[in-house]
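Trainee: Here it is, the structure, as structure tokens.
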Amino acid sequence: MKGVLSSVRRRYGGVATSLILVSCGLWALGLVVLPQLMMIDYSFRPSLPPAKQGGPEDIYTLANYAALYGNPLNLAIFLKTIWSSALVTATALVVCYPVAFFLARMAVGRTAGLLFIALVIPYWINEILRTFSWLLILARNGFVNTVLLDLGLTQEPIIFLGTTPAILVGMVYAYVLFMVFPIYNSLESLDPHQIEAARDLGAPWWRIHWRIAIPHAKPGIAVGCIMTFMLAAGTYAIPAILGGPKSRWFTEVIYSQFFEALNWNRGAAYAFILLIMCLGFIALMMRLFRVNLAEVTR
Amino acid sequence: MSADRVFRLFMGAYVVMFLVYLFLPLLFMAGASVNDSRFPTLLPWNGFTLKWFGDLFNDPMLWQGLGKSLSVGAGVIALSVPLGLAAALLLTELRGKARGLLYGVLVSPILTPGVIIGISTLVFWRQMSVSGGMFLTVLAQSSFIASYCMLMFMARLQRFDRTLEEAALDLGASHLHVVRRIMLPYLMPTILSAVLIAFLQSFENYNTTLFVYGTDRTLPIYLASKVRIGLTPAVNALGVIFIALTIVAAVVYEWRRRAALAVKPGKRAERPEPRTADLRPAAEPA
Amino acid sequence: MQFSRKLQVGGRDPALGQGVSLDGVTMRFGDFLAVDDVSIDIAAGEFFSFLGPSGCGKTTILRLISGFVEPTAGRILIGGQDMAGIGPNKRPTALIFQNLALFPLMPVWENVAFGLEARGVAKQERRRRAEQLLELVALDGSGDKRVNELSGGQRQRVAIARALAVEPKVMLLDEPLSALDLKLRQHMRAELRTIQRRTGVTFVYITHDQSEALTMSDRVAVMSQGRIEQIDVPDAIYNAPQTAFVAGFVGEINRFAGHVVAADARHAVVETDVGRLRGVNRQALRPGERASIFIRPERMRADGAANPADENSFEAVLDRVGFEGNVVNLFLRTNAGREIIAQQHNSDDLSGLSSGAWMTLRFAPDSAAVLPAEGRFEAAA
């Protein structure tokens, strides 16, 4: 460690080195590690009025975690959130892979440039607005119902909003691009000669993808899946806009613990459960696709 | 050969459909914002109007939200760009376990759901009797936006020719002088990109901000509340403005990025030739 | 370059250059011993080269002198002053990097004036001095160009001007010519030598190119695996190698391995697969020791006369003839299959030589070196 610091100091001088170290320390500890530890600490303590905090009743307990297990409704929401997020991830992967492949290996020149910008624009549009646009489409008097009624395909407007499928449609829409760009990035480095050689050897197109392109895109697929899953499991906006009381998302449960039940300790426990689930998914993806953290965050 | 053509056509059609899927909802929203209807809807079409935009401009809450968002954005830039740069400088120097640990900690916010970052920040600062508001919003957003900045700076620093720095030192420059004359000019394009990215990330953030905004409602928070309760086409109008601003920013950013990529071959030429000595067979008998 | 001749004789100002002393310098990187107990005294105003294959530690020595790394053990003195703890920006040295390391974002003149800028010289004065230096390296008028608009040779000269601008006592050069093509490289050698003589600055030059080291230097240190093999004037490095490594590394040479059968203070006789060969006994070898005898191709005489009974002569069959203009290389093969090169001046005598002809090779004992076999070159070969 001393050798490391001396190499930093040799490179940047004493003043800059101190600034660098202090900044990194404040960020790592003050903004990342300590807040997380505090949240975990909260999750293991009972919710007590301020007067009793630090008193004999303020002991470490698993009660907040047991509360989730003991509440079938919330537990069901939790499981649904995992399952649905995985579904959203899988759907986004299937939808995006051809687009990423086209962008990386088939589009050339101006087409590629324009396509790239066309994809970047929705990527930067606010999640809330992207979701809101689907509200207009799926509403009782929205676009889909208007068309269905006009065509006589249904007599009564169909209620889409407030259902889990509506949330999933909105999520796929909101997060597809987080899947496209990582896969695009990894496919871009695929040597086109590999594909040509495979084609030359008589491989059908699906085999070229299965044996060459997809294995090459593995890091990108892992990143895309991790990002999509994390965003889907961790979003509050989309279920809040497209969902309803019957289609609650786990983040909504957490939020209500904080701001409606005012039980921060239980909220912290639920948040930690969500975090563990996301970390578990990341670990699973990294194992499945045999990539490491540096590749994931490249 | 023709199978190949069929495949290309099929892929092209698929991508066009994908673009339609991406843009159609946004076009609906834009259409609804100029439809003279009481509800935010494109159909039935009741004629063109700009009154919803007028409604917006008379909405003081909106202007307040915009002001908060801009302030938070400025704060996030001021915090996360230097933090990201400092961490990138340190990480390029570290090796082994220390590097792995620090890198893991500093990129972890990118892989953490936004709501959890908001929650942990809220919980942590309550211990110091600081409650939600602009200050916490800036901190919570910066904790992960700085990670993005760090990754951008690391990518740039990886291509930095260290001998330039050594040459400057060798010519008698102080460390500060080296930073000012060699490092900063080299990093400047990335600094500008990082500022833009940090601002865009902050400006559109909802999930993290939700837990820490206190009473300082940023634009996305205000927007979400409008979407959820007050269903008038004014929301669409706001959405259209938001989208227009985003498009301008995205196009500018993308254009800058592509311009930077386009001059790269030239840039490469101005970099020193490869060490030809390394390519020669070793003179030592093997 | 008329001025150089006069300066060469009496004009060198010793006040400009400073001597560099390495005193038992050792440098370790983890388990790797890059520099192994090196002691050298480089005189003020000397053009001193380190010659060796890549990985021999010569670049590390340059980085030690310039202060980018501190030695694991030993002392480095410049102008008699101990440099321990003094950073690269505080040492009276200027380094010319192998890749030149010109600042791509600055125009040429700012590159040249960078050292002055670091010393707080006013802008006008910087500009003036930069133009002077650019004139010195024949680049006047290029001050406002961008670095990437220059050719390889021009960039080379900008790097030299940039280093000279800080008026260093010692100039350190890390294979600065390796990226240039042959013709330009030869031109730049002469130019570097001229600049060195004119300024009187001590030059420490790193190269793996022996002809570069031999043509430019006052003295050469040949290095191998972190150690100094020999320090000498170029003539002695070439004609009187002290170790098998130096003999084998510098220039073409014919080598015959065997053991010493007779030795006196001046000569030693080695029993080889072509018979007994006599050469200079430079390392005081005694009979029975394993040794090799080295003979330069140009010291090898080849003729058709069959008289192999003479001392230091043996027979070989001609493989092919390589004409190089003024000289001709004869590639031969001994009975034992050993390849021999003999270099002859181009003359009429050589016409009519054909492959497959048997020739007798002979050399004078004083032009051959008998050196101990346990050198690293031996082990590797």
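No lab work stands behind these numbers, since they all come straight from the coordinates. The structure displayed is predicted, hence computed values, not measured ones. Note that each Cβ is placed from the backbone with ideal geometry, even for glycine, and that neighbours are counted across all protein chains shown.
Trainee: Pop out the ³J(HN,Hα) list for region B:55-68 in order, Karplus 6.51 cos²θ - 1.76 cosθ + 1.60 with θ = phi - 60°, rounded to Hz; leave Gly and Pro as x.
Mentor: 3, 4, 5, 9, 9, x, 4, 4, 5, 4, x, 4, x, 4
Trainee: A further question on this structure: Toward the positive end of the charge dipole of region B:68-227, about the Cα centre and with charges on Cβ (Lys, Arg +1; Asp, Glu -1), which of B:G100, B:S142, B:Y222 goes farthest?
Mentor: In region B:68-227, that residue is B:Y222.
Trainee: By the gyration tensor of its Cα atoms, with a ≥ b ≥ c the square roots of the eigenvalues, what is the shape of chain B: rounded for a/c under 1.5, prolate for a/b over b/c, or oblate?
Mentor: oblate
Trainee: Another question about this same structure. Relative contact order of chain A, please, whole-number percent, based on alpha carbon pairs below 8 angstrom and at least 6 residues apart.
Mentor: 25 percent
Trainee: Right, something else. Can you list residues whose amide H is under 5 Å from C:S54's amide H, if they're 5+ apart or on another chain and H is modeled 1.01 Å from N?
Mentor: When sequence neighbours closer than 5 places are left aside, the close amide H contacts are B:A283, B:E284.
Trainee: If I build a Gaussian network model for chain C, linking alpha-carbon pairs within less than 10 angstrom, which residue out of C:G85, C:G337, C:G325 has the largest mean-square fluctuation?
Mentor: Of C:G85, C:G337, C:G325, the Gaussian network model singles out C:G325 as fluctuating most.
Trainee: Determine, from the Cβ-Cβ distance of B:D36 and B:R159 and an R0 of 45 Å, the FRET efficiency 1/(1 + (r/R0)^6), rounded to the nearest 0.05.
Mentor: 0.25
Trainee: Over chain B, what is the mean sequence separation of C-alpha contacts under 8 Å (at least six apart), divided by residue count, expressed as relative contact order in percent?
Mentor: 29 percent
Trainee: Hey, can you grab everything whose amide H is under 5 Å from the amide H of C:Q230? Only 5+ residues off in sequence or another chain; H modelled, so Pro and N-termini drop out.
Mentor: C:V222
Trainee: For chain C, which span is the longest to avoid every loop-located (per DSSP) member of GluC sites (Glu not before Pro) having at most 15 other Cβ atoms inside 10 Å?
Mentor: C:1-251
Trainee: For each pair in B:K68/B:K226; B:K97/C:K58; C:K145/C:K183; C:K58/C:K90; B:K51/B:K226, compute the distance between the two Cα atoms and list the pairs where it is over 20 Å.
Mentor: The answer is B:K97/C:K58; C:K145/C:K183; C:K58/C:K90.
Trainee: Are there chymotrypsin sites (Phe, Trp or Tyr not before Pro) in region B:113-169 that DSSP marks as loop and that have at most 14 other Cβ atoms within 10 Å, and which are they?
Mentor: B:F160
Trainee: Let me ask another. Which distance in Å, rounded to a whole number, links the C-alpha centroids of region B:25-72 and region B:115-165?
Mentor: The two parts, judged by their Cα centres, are 33 Å apart.
Trainee: Tell me, what ³J(HN,Hα) does each residue in region C:324-330 have, in order and in whole Hz, if you take phi through Karplus 6.51 cos²θ - 1.76 cosθ + 1.60 with θ = phi - 60° and put x for Gly and Pro?
Mentor: Once θ is set to phi - 60°, the couplings for region C:324-330 become 10, x, 5, 10, 10, 9, 9 Hz.
Trainee: Between C:R301 and C:D36, what is the spin-label point distance in nm, taking each point 7 Å from the Cα along the Cα→C-beta axis?
Mentor: 4.1 nm
Trainee: Taking chain C as a Gaussian network, where each spring joins two C-alpha atoms under 10 Å apart, which residue of C:A113, C:A265, C:A257 fluctuates the most?
Mentor: Comparing C:A113, C:A265, C:A257 in a Gaussian network model of chain C, the most mobile one is C:A265.
Trainee: Taking the simple approach of a point 7 Å from Cα along Cα-to-Cβ for both B:K51 and A:A261, what is their distance in nm?
Mentor: Placing both labels 7 Å beyond Cα along the Cβ direction yields 4.6 nm.
Trainee: Under a 5 Å amide H to amide H cut-off, with H placed in plane at 1.01 Å, what residues pair with C:Y205 once short-range neighbours are removed?
Mentor: C:F48, C:S49, C:F50, C:L173
Trainee: Would you please classify the overall shape of region A:3-136 from the alpha carbon gyration tensor, given that a ≥ b ≥ c denote the square roots of the eigenvalues, rounded means a/c under 1.5, and beyond that prolate means a/b larger than b/c while oblate covers the rest?
Mentor: It comes out oblate by the Cα gyration axes.
Trainee: When a footprinting reagent is the concern and you count Cβ atoms within 10 Å, what order do C:T72, C:T207 take, fewest first?
Mentor: So the residues, fewest neighbours to most, are C:T72, C:T207.
Trainee: How about A:K218: which aspartates and glutamates have a C-alpha closer than 14 Å to its C-alpha, ignoring those fewer than 8 places off in the same chain?
Mentor: A:E188, A:E295
Trainee: Right, something else. Dividing the convex hull volume of the alpha carbon atoms of region C:2-239 by its residue count, what do you get in Å³ per residue?
Mentor: Taking only Cα atoms, region C:2-239 has a hull volume of 132 Å³ per residue.
Trainee: Can you list the trypsin sites (Lys or Arg not before Pro) in region C:234-301 that are in a DSSP coil and have 12 or fewer other beta carbons within 10 angstrom?
Mentor: Listed in order of number, the matching sites are C:R266.
Trainee: Would you work out the relative contact order for chain C, in percent, from Cα pairs under 8 angstrom that are 6 or more residues apart?
Mentor: With pairs under 8 Å counted, the relative contact order is 16 percent.
Trainee: Can you run phi through the Karplus equation (6.51, -1.76, 1.60; θ = phi - 60°) for region C:215-232 and list ³J(HN,Hα) in whole Hz, with x for Gly and Pro?
Mentor: 6, 9, 8, 6, 9, 10, 10, 8, 10, 8, 6, x, 10, 7, 8, 6, 10, 6
Trainee: With the cut-off at 1.5 for a/c, could you classify region B:1-136 from its C-alpha gyration tensor as rounded, prolate or oblate?
Mentor: oblate
Trainee: Separate question: Given the C-alpha centroids of region C:128-183 and region A:69-90, what is the distance between them in whole angstrom?
Mentor: Cα centroid of region C:128-183 versus Cα centroid of region A:69-90: 68 Å apart.
Trainee: Which order results if B:H177, C:H345 are arranged by neighbouring Cβ count within 10 Å, fewest first?
Mentor: C:H345, B:H177
Trainee: Please compute, over every Cα-Cα pair in the protein assembly as shown, the percentage with a separation greater than 39 angstrom.
Mentor: The calculated P(r) of the protein assembly as shown puts 59 percent of pairs beyond 39 Å.
Trainee: Which of C:V137, C:V317 comes first, and how do the rest follow, when ranked by fewest Cβ neighbours within 10 Å?
Mentor: With the sparsest Cβ surroundings first, the list reads C:V317, C:V137.
Trainee: In nm, what is the difference between 0.36 nm times the number of residues separating A:I276 and A:Q194 and their Cα-Cα distance?
Mentor: Working it through step by step, the gained length comes to 25.6 nm.
Trainee: Rounded to the nearest 5, what is the percent of antiparallel bridges among the DSSP beta bridges in the protein assembly as shown?
Mentor: So the antiparallel bridges in the protein assembly as shown amount to around 75 percent.
Trainee: For chain A, modelled as a GNM with alpha-carbon contacts under 10 angstrom, which of A:G13, A:G224, A:G280 fluctuates the most?
Mentor: Largest GNM mean-square fluctuation: A:G13.
Trainee: In whole Å, what is the distance between the alpha-carbon centres of region A:130-183 and region C:220-261?
Mentor: Value for the Cα centre distance between the two parts: 83 Å.
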